[in-house]
Each structure stands twice: as structure tokens, then as C-alpha cells.
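Below: one structure, written as C-alpha cells.
The values are calculated or read from the model by the stated rules, or taken from the named source; none is laboratory data. For clarity, every value in this text was computed on a predicted model and none was experimentally measured. Using ideal geometry, Cβ is built from the backbone for each residue, glycine included, and neighbour counts are taken over all protein chains shown. The area values use the complete protein model at the heavy-atom level, side chains included, leaving out ligands, DNA and RNA. Shrake-Rupley method; radii C 1.70, N 1.55, O 1.52, S 1.80 Å.
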Amino acid sequence: GRRRRPRCERLQLLLRRCQEAKACAYCPYSRFPVGAALLTAGGEIFSGCNVENACYSLGVCAERTAIQKAISEGHTRFRAMAIASDMGTDFIVPCGACRQVMREFGKDWDVYLTKPDGTYIVKTLDELLPLSFGPEDLKKV
Ligand code: THU
């Protein structure tokens, strides 16, 4: 069935943890800090920030940092991710590469797009990346 949305206190913690992760962003080139917090099916939270590099193209987004931390610690089932930036005008949205990496782990989980004032909108992976290609497609040939 559909993955459960986090309960209110868990969601508040997830939203706080993505803001805290943003403070760790290593972004001397863009000066655009981003934080992400990923809630696993088991209720654990893994956070991540963007990590840039003097060789610009090697920079990695906050969302993928969080996913790689969780996967490498043995967690593969995710319920939600929250993302924070310093942009006050718009809700932060994940880049296309991150959407595809998130989609690898299902398309019916939730992404909370936030503003620094704590307001948010929530979208499922399927809404963020419609008509997506995923692991199931490899089994169809
Ligand atoms: N960035 C993220 O970490 N996540 C997003 O959702 C958007 C962009 C990072 C990548 C780069 O370090 C900086 O923000 C500017 O693009």
C-alpha cells in the first residue's frame, strides 16, 4: 500500500533537521547552502548538505548526500525527505539528477519543499518526476 506520511512530531523534526544540515553546507563557489533530511521507513533520519569542489562539476547536492549516507548505512526504504535553502521567495526544489536518484527508491514517497520561514509544500516523487524510468523497467525486457 501507499507509504505512510510521517506523524506531526516526526515531520517537525525532519523539517528542523534539514535546516540544521544546511548550516553544514560546503558551498564556497555558489554560496547557495542547501540541507536535506531523509526519513527512513524505520523512523531514522539521515541528513545531508551540498558539498562543492574546486573542480566545479564534482559538487554534489544535499539530497544525494543524504541518500548516500542512508544507503551506505543499510537503509533502502524511505518515507519522506525535507529540503531547505536560504531562498525566501520560492520553495526549494530538487534538481533533475536528484529526482532520478530519489526515484530509484520508489515513486510514492513524499518530498517537503521548504522556505526559511518554515512553510512548506509537499509533493510525491511521482509528481516531481512523472513518467519516470526506474528499476522495475529493467525487468520488462
Ligand atoms: N543544490 C542542492 O544541493 N540541492 C538543490 O535542490 C538545488 C541545488 C546545490 C548544488 C550547488 O552546490 C548549489 O546548490 C547551487 O546550485
- Note on the structure: Taking first residues from the stretch 54-68 that are under 11 Å from Met81 (Cβ atoms) and second residues anywhere that are within 10 Å of the ligand (Cβ to nearest atom) and open to solvent by 50 Å² or more (accessible area, probe 1.4 Å), the pairs with Cβ under 7 Å that are 6 or more apart or on different chains are none
- Residue in the stretch 16-42 that is nearest to the chain's Cα centre (by Cα), counting only those that are away from the ligand (no atom under 15 Å from the Cβ) and open to solvent by less than 20 Å² (accessible area, probe 1.4 Å): Leu39
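So which helices (runs of 4 or more DSSP H) are wholly in the stretch 1-120 and hold at least 3 residues that are of a type in the set (D, E, K, R)? Explain how you work it out, then say what you get.
Numbers: elements: 8-22, 62-72, 96-103.
Once the helices (runs of 4 or more DSSP H) in the stretch 1-120 are filtered for at least 3 residues that are of a type in the set (D, E, K, R), what remains is 8-22, 62-72.
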- Task: Report, ordered by the first and then the second residue, all pairs with beta carbons closer than 9 Å, sequence separation of six or more or different chains, a first member in the stretch 15-43 that is over 19 Å from Tyr120 (Cβ atoms), and a second member that is of a type outside the set (A, V, I, L, M) and modelled with pLDDT under 95.
- Result: Ala41/Arg3; Ala41/Arg4; Gly43/Pro6
- Contacts under 7 angstrom Cβ, first residue in the stretch 97-109 being farther than 8 Å from Gly134 by Cα, partner part of a loop (DSSP other than H, G, I, E, B) and of a type in the set (Gly, Ala, Ser), 6 or more apart: Lys107/Ser132; Lys107/Gly134
